[in-house]
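Values quoted throughout were computed directly from the atomic coordinates according to the rules given, and no laboratory measurement underlies them. Values in this document were obtained by computation on a predicted structure and should not be read as measured data. For neighbour counting, all protein chains shown are included, and Cβ atoms are generated from backbone atoms with ideal geometry for every residue, glycine included.
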Amino acid sequence: MLWTHYGRALLGICVFGLFLHDIFGTHGFLAMRRTKREIERVQGEIARLNKENTELSQEVKALKSDPHKIESIARDELGLAKPGEVIIKIPKSEQAKQAPAR
């Protein structure tokens with residue numbers, strides 16, 4: 001008698017509980033969405049790092065084999081010059097003042 005009287009209500013409550021579990025549970029819909037977003041973020045980071053790694057590899061290759069690249073770095077960063085050349089350094093504050101407005 002109890003089952004026939006409250007059976008449908010009990011079944012409805014169980015189905016509603018399963019529905020809530022499927023949405024809000026540990027492996028539910030919301031958790032799956034969060035996991036998917038995290039996977040996409042990590043894949044984007046991997047792609048960015050792979051691109052950066054490729055660029056750095058090309059720069060290393062150029063530094064090992066291109067004498068013009070080495071000379072350019074020596075001139076720009078170390079302030080080296082060939083015999084007979086004069087280097088004139090302009091302070092960064094003066095460079096900012098002289099920069100043309102765009």
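Once the Cβ-Cβ distance of His5 and Thr26 is raised to the sixth power relative to R0 = 41 Å, the FRET efficiency obtained is 0.75. With no solvent and one equal point scatterer placed on each C-alpha of the chain, evaluate the Debye formula and give log10 I(q)/I(0) for q = 0.09, 0.10, 0.16, 0.21 Å⁻¹, two decimals. Each listed q maps to, in turn, -0.61, -0.67, -0.96, -1.09. Which value in deg cm²/dmol, rounded to the nearest 500, describes the helix-derived mean residue ellipticity at 222 nm for the chain, given -39,500 (n - 2.57) per DSSP H run of n ≥ 4 and division by the residue count? Per the formula, -26500 deg cm²/dmol. Working from label points 7 Å from Cα in the Cα-to-Cβ sense, the Phe16 to Glu71 distance is 8.2 nm.
With a sphere of radius 13 Å drawn around the Cβ of Lys61, what net charge do the other residues whose Cβ falls strictly inside it have (Lys, Arg +1; Asp, Glu -1)?
Residues close to Lys61 contribute a combined charge of -1.
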